[in-house]
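Scroll down for the structure; my scribbles are underneath it.
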Amino acid sequence: MSKVKIKEIISISKEEILEKYCEMDDYYKNIIKALYGEKLDRYDLDFTINEYKAGFTIDDLNNEKGKVGCYIFIEDMVPVYIGVGGTEKRGLKDRIAQERRKFEKEGKGDKGATLSQNIQEIDGLSAEESVEKIKKFQLIAIIVGERDKRCDRYKAQALEAILIALFHPKYNK
């Protein structure tokens, strides 16, 4: 399984999540358990979690090509940005790559680089500084399925909403 382990106490502990949201579907509960480093039975693993160290390259993301899922940018073991990737036309790898580009209101920056845009607005950094900051983040990619399956895209969107609501990442607005 994965070596992933996020900080136990962020804004809510694993136990609080599982107790407070006891009605949550087992699928999402298992993802949360895995994010906290809990080992799961192999029959519970209908998702894949890949971890990437700071400074990863886009070529490192080949496992995410053509997939749909969520991605979590991590700083000091704390989720700072959570997003979803994978549409009928573009996979999770493409969306993560887009987040690593700089956002510029005017010029040649990527208009889909939401993380860069939010860092600039929240921290007051330049476009170039925001990209340098992003490069220092670790990444967790949660693959929930294939991008050409509508039910997998819906599952990924639900997971993104759940994770953002639970962790309140700094750069999600």
Item to check | Sequence-separation-based contact order of region 20-173, relative, with Cα cut under 8 Å and 6+ spacing, percent | outcome: 30
Checklist entry - Using unit Cβ charges (K, R positive; D, E negative) and no other charged atoms, how large, in debye to the nearest 20, is the dipole of region 89-173 about its Cα centre? => result 340
Item to check | Globularity index of the chain, i.e. its alpha-carbon radius of gyration over 2.2 N^0.38 Å | outcome: 1.00
Checklist entry - Using the count of nearby Cβ atoms within 10 Å as a rough guide to exposure, how do Val78, Val84 rank from fewest to most? => result Val78, Val84
Checklist outcome for this item: Once the in-chain neighbours fewer than 8 apart are removed, the aspartates and glutamates whose Cα is under 13 Å from Lys149 read Glu88
Checklist entry - Hey, fewest Cβ within 10 Å first, where do Lys149, Lys14, Lys136 land in order? => result Lys136, Lys149, Lys14
Checklist entry - So how strong a dipole does the chain carry about its Cα centre when Lys and Arg Cβ are +1 and Asp and Glu Cβ are -1, to the nearest 20 debye? => result 440
Checklist outcome for this item: Per the charge dipole of region 23-142 (beta-carbon charges, Lys/Arg positive, Asp/Glu negative, Cα centre), the residue among Ala113, Pro79, Leu40 reaching farthest to the positive end is Ala113
Checklist outcome for this item: Of Asn62, Asn50, Asn30, the most mobile residue in a GNM of the chain (C-alpha springs, cutoff 10 Å) is Asn62
Item to check | Sorted by Cβ density within 10 Å, fewest first, the residues Ile32, Ile82 | outcome: Ile32, Ile82
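Every number here is computed from the coordinates shown, using simple stated rules; none is lab data. Please read these numbers as outputs of a predicted model, since none were measured by experiment. For neighbour counting, all protein chains shown are included, and Cβ atoms are generated from backbone atoms with ideal geometry for every residue, glycine included.
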